[in-house]
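Okay, so here's the structure we're looking at.
A short reminder: the numbers here are calculations on the coordinates, not readings from a lab. In this text the structure is predicted, and so the values were computed from the model without any measurement. Note: ideal-geometry Cβ built from the backbone for every residue, glycine included; neighbour counts use all protein chains shown.
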Amino acid sequence: MHRKLSYIYLNMSNRVVITGMGIWSCLGTDLETVKDALYNGKSGIVFDQERKDLGFRSALTAYVEKPDLKKLIPRNQRQFMPEEAQYAYMSTLQALQQAGIDQAYLDEHEVGLLFGNDSVAKATYQAVSKIYEYKDTSACGSGSIFQSMNSTVTMNLATLFHLRGINLTTSGACASGSHSLGLGWLLIKDGLQDCIICGGAQEVNLECVGSFDGIQAFSTREDEPTKASRPFDRDRDGLVPGGGAATLILESLDHALARGAKPIAEIIGWGFSGNGDHISTPNVAGPQRSLELAIEHAGVDIHEIGYVNAHATSTHAGDGREAMAIANVFGDYKVPVTSTKGQTGHEMWMAGSSEAIYSILMMKNNFIAGSLNFENPDEETACINIIPKTQEAHFDMFLSNSFGFGGTNSTLIIKDYKD
């Protein structure tokens, strides 16, 4: 009996739709505010004096509002939640509400959870510091172990929302949030889950990015914070760190329609690859293979893709090689390309999920947010069609790239939902 069911599941091919979205970012803490910020080219980048006082080479960061959970979660549960889990809780509340899923539904159904996260630096630092200070491990407190584990986001969300489906953290550097959506798509497509809460979260504190600053990864354009993140631009001098959380509710189409949900968009393809090369310097072949696989898995013609949301983080090597990969895949078709990181900075572990939401907001509202601060291409980035200013545009399908340290690549293809 079990073998037969497994065989049936693995040969199913469900359509996978997105029925809810939630966002907590430097552009806003609700979908409408974020949509307006994207359209108007608002930047969420600021100068942080505390970082400068600590000797940071770059004091630039995205500013993300801290949520107040006191009226939402009891203190004995809040003690388990580091910063990124708090952001993720807020974005998940929004997504569930838009999807029309309440706690009663979660209690009665097997809903899964896949969330991207790849650091808990501040919580770990605080716990270890107390050991050194007091020479006593009990000084860490009972909540520190749950705050400092890399799976802290999924363990907290699964507990708070009483989730009983798959419970897994996707840890793939800056592709983590995208991998969570790709894995969710795969599990639902193959009939192993009906509904999964997917997303990505990133802490926004100086502890988590000190080592990045130490290897000179950040822009030092401190006199003009809002102009510092410059994806694809000739004068880019490094990325700007950001973060927050983004949540998307994925369901099989049949499951969504059966409970009366209104699908927003549909995931139709996921591509992935490894560079098999340098740990931090990307190549062209790895990202290109990720794009090619996504298009192959989606079964679409490249001309159906109306927009590419690039990974481009404002680094010379990364932006240039992604541009060449896009050019190699799309050839003579000059698909519109932008990177929303000009506005948000690099949201790291969250980026793949948040940028899917940003792109869906554009698609549903008929515009392409310009690649902020893109003024002049260089020899590598001139090979693609980068849109510098917000443009009114209708498109029904987009491709979104996310690439990470270690050569991990993830590419999603998402289209507008049609009956």
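In the chain, Cα pairs under 8 Å separated by at least six residues give a relative contact order of 23 percent.
Phi angles across the stretch 235-251 convert, under the Karplus curve 6.51 cos²θ - 1.76 cosθ + 1.60 with θ = phi - 60°, into 3J(HN,Hα) values of 9, 5, 9, x, 8, 10, x, x, x, x, 7, 9, 10, 10, 8, 9, 9 Hz, Gly and Pro given as x. Computed from the C-beta positions of Thr159 and Leu186 and an R0 of 25 Å, the FRET efficiency is 0.50 to the nearest 0.05. Exposure proxy for Arg57, Arg321, Arg230: other Cβ atoms within 10 Å of each Cβ, ordered fewest to most, give Arg57, Arg321, Arg230.
Along the stretch 275-280 the Karplus relation, 6.51 cos²θ - 1.76 cosθ + 1.60 evaluated at θ = phi - 60°, assigns HN-Hα couplings of 6, x, 9, 4, 5, 10 Hz to successive residues, with x for each Gly and Pro. If you take the Cα centroid of the stretch 71-101 and the Cα centroid of the stretch 160-216, the two points sit 15 Å apart.
Rounded to the nearest 500, the 222 nm mean residue ellipticity of the chain from helices alone is -10500 deg cm²/dmol, with -39,500 (n - 2.57) taken per DSSP H run of at least 4 residues. Each Lys and Arg Cβ is given +1 and each Asp and Glu Cβ -1; about its Cα centre, the chain then shows a dipole of about 760 debye. Picking from Cys174, Leu93, Ala158, whose Cα lies most toward the positive end of the charge dipole for the stretch 16-258 (charges on Cβ: Lys, Arg +1; Asp, Glu -1)? About the Cα centre, the residue reaching furthest to the positive side is Cys174.
If we count every other residue with Cβ under 14 angstrom of Leu113's Cβ, Lys/Arg +1 and Asp/Glu -1, where does the sum land? Summing Lys/Arg as +1 and Asp/Glu as -1 gives -2.
Straightening the chain between Glu207 and Glu110 buys 31.3 nm, computed as 0.36 nm per residue apart minus the Cα-Cα spacing.
Relative contact order for the stretch 16-258: 32 percent, from Cα pairs under 8 Å spaced at least 6 residues apart, divided by residue count. The order of Ile101, Ile166, Ile45, going from fewest to most other C-beta atoms within 10 Å of their C-beta, is Ile166, Ile101, Ile45.
Among the listed values (1) 24.3; (2) 22.3; (3) 21.3, the one matching Kirkwood radius over Cα pairs in Å as calculated from this structure is (3).
Work from the charge dipole of the stretch 268-416 (Cβ charges, +1 for Lys and Arg, -1 for Asp and Glu, about the Cα centre) and give the residue of Gln288, Met324, Ile357 farthest towards its positive end. The listed residue farthest towards the positive side: Ile357. With an a/c value of 1.5 or above and a/b not larger than b/c for the gyration tensor axes a ≥ b ≥ c computed over the alpha-carbon atoms, the stretch 16-258 is described as oblate.
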